[in-house]
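Heads up: the structure comes next, in structure tokens.
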Amino acid sequence: MYSDKEKLVLKNILNAIQHRKVMKLMYYSAIKGNEKFRLVEPYSITETRRGNMVRLFQVDPVPGWRLFNLKLILSADETEQAFSPRRPSVQVGSEQEQQIQILQKKTQAQGEYQRMVLEAIADMRVTDEEAHNLAVARERLELSDDEVRGVLYKILADFLETLSADGTVSLEEVLLLKELNQCLYKIGEGRI
């Protein structure tokens, strides 16, 4: 579910893509733990395993192609400066609100599915019934294989981040990781 701030950021980015306007972004750098100013040319929004990503060309501070996670963009303001596309851009019509709703629906479905998976793996075991129920949920939520993999990879990545936070991994943690991997393998029907 998008917050009002995220909806505004998304709407501003879609508008800048349509009008080919340079944007000023404030972006939270998760690696460095601080906010960074960026001057960018936005091109498209893409769904990935890591969430909705904005494909853009960063003009300043260091020029180059980048993918920014939409959830880490703190603000996005269109400038008066137009740009000529360096690559084909995705043109956005006046249906911006509909696009926001589609992305929001996908995000909600993935969030619901992730909650269901976390409930199923809470005991580090996945029964046949739980695996079946998750398969039914995937169909009901209309999740693609890539979206399911994205949810499962996120759970695995979050677990790995937690395990490695102290800089060491114990034998018990390795065994937990193996159990988690087996659970996710069964849930993903062997596709991850």
Fill in the blank from the handout: Gyration tensor on Cα atoms of region 97-187, a ≥ b ≥ c root eigenvalues, a/c under 1.5 rounded, else prolate if a/b beats b/c, else oblate, says oblate
Handout entry: Stretchable slack from Arg20 to Arg149, in nm (0.36 nm times residue separation minus alpha-carbon distance)
Key = 43.1 nm
Fill in the blank from the handout: With a ≥ b ≥ c from the Cα gyration tensor eigenvalues, square-rooted, and the rule rounded for a/c under 1.5, otherwise prolate when a/b > b/c and oblate otherwise, region 4-92 is rounded
Practice task
Would you mind checking Lys7/Lys154; Lys7/Lys178; Lys7/Lys186; Lys5/Lys186; Lys11/Lys154 for any pair whose Cα atoms are more than 28 angstrom apart?
Solution key: Lys7/Lys178; Lys7/Lys186; Lys5/Lys186
Practice task
Show which aspartates and glutamates lie in cross-link reach of Lys71 when reach means a straight Cα distance below 15 angstrom and same-chain residues fewer than eight apart are skipped.
Solution key: Asp4, Glu6, Glu35, Glu47
Exercise for the section: Determine the relative contact order of region 102-192: mean sequence separation of Cα pairs under 8 Å and six or more apart, normalised by residue count, in whole percent. Expected result: 38
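Each reported figure results from applying straightforward, stated rules to the coordinates on display, with no laboratory input. Bear in mind the structure is a predicted one, so any value in this text is a computation, not a measurement.
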